[in-house]
1. Specify which of the listed residues (30, 74) is surrounded by 14 or more Cβ atoms within 10 Å (Cβ to Cβ) and either more than 12 Å from the chain's Cα centre (by Cα) or assigned to a helix (DSSP H, G or I) (or both).
2. Just checking, which of 37, 87 is surrounded by 14 or more Cβ atoms within 10 Å (Cβ to Cβ) and either within 17 Å of the chain's Cα centre (by Cα) or at pLDDT 90 or above (or both)?
3. Can you pull out every residue in segment 40-71 that is more than 22 Å from the chain's Cα centre (by Cα) and surrounded by fewer than 10 Cβ atoms within 10 Å (Cβ to Cβ)?
4. Looking at this structure, is residue 97 farther than 30 Å from residue 12 by Cβ and at pLDDT 85 or above?
């Protein structure tokens, strides 16, 4: 959470004539890393505790717990990207309304 707090603080100090690359981007990167680490810590706790209880050394258990949590995060990101690709549709063009296209395609008779 300290990383997230620092990431929020850095952009709050951007001057009016600040630049994206040197003033804004560092805060976004630090904040994103801090928030991601804080979110991934929660699902890493249970597997880590289970491994330690099973006799695995704490550094090894912690590493494996975070690996599992981060792989889960990657899986969620991939599912989210697939959902966007499959569910989000582009808006219809204003010059091609459904009724006009259907009327033009209908045979005259």
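1. Unique residue meeting the criteria: 30.
2. One residue alone meets the criteria, 37.
3. 53, 54, 55, 59
4. Here the answer is no, as residue 97 does not meet what is asked.
The values are calculated or read from the model by the stated rules, or taken from the named source; none is laboratory data. In this text the structure is predicted, and so the values were computed from the model without any measurement. Cβ atoms come from the backbone with ideal geometry, glycine included; neighbour counts cover every protein chain shown.
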